[in-house]
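Down below is the structure, laid out as structure tokens.
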Amino acid sequence: MAEFDLDVKTIGGRWGRQSNTQQAVNAAIRQGKDVETTKKFAASQNKQSSAAKNTAKLDRETEELHHEHVALSLSRQIQKSRQEKEWTQKELATKINEKPQVVNDYESGKAIPNQQVISKLERCLGVKLRGKDIGQPIHKKK
């Protein structure tokens, strides 16, 4: 059966110190000060966490858990469009209000795709970076 331990702290006093003795708690309650209590599950027991079971289960897992990265075609198109405009990565990053490392990650294919960043890149570079017609110029509506 699980045991519960109460951790009691009184807040107040001369310098706002915290005290957790039973005598201090009772005095604080009598004076009407704020008393905070929290339950700690199995606080008095010396048990190992069940991490060993979870790690063994994860080791047996066959599915690879990873994030998708930017496609190689997208990273090459960003780099090509930027170089056609003769901009550095830092200049492009400044124009889209992102850090230079973000542009670097997108061009190297290490970034996790973010539709907001891709949209900013599309507008700044003037080419489509999503869909079937990647690399085609964006036609502005009049």
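Summary of values
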| read-out | value |
| --- | --- |
| Size of the range 87-142 as Cα extents on the principal axes (Å, biggest first) | 33, 21, 18 |
| Length added when fully stretched, Q116-N26, from 0.36 nm per residue minus Cα-Cα | 26.8 nm |
| Packing-based ranking, highest mean first, of 110-116, 93-99 given that Cβ atoms within 10 Å are counted | 93-99, 110-116 |
| Kirkwood-based Rg to Rh ratio, the range 68-107, C-alpha trace | 0.96 |
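Each reported figure results from applying straightforward, stated rules to the coordinates on display, with no laboratory input. On a predicted model such as this, the values are computed, not experimentally measured, just so you know. In this analysis, Cβ positions are derived from the backbone assuming ideal geometry, glycine residues included, and neighbour counts consider all displayed protein chains.
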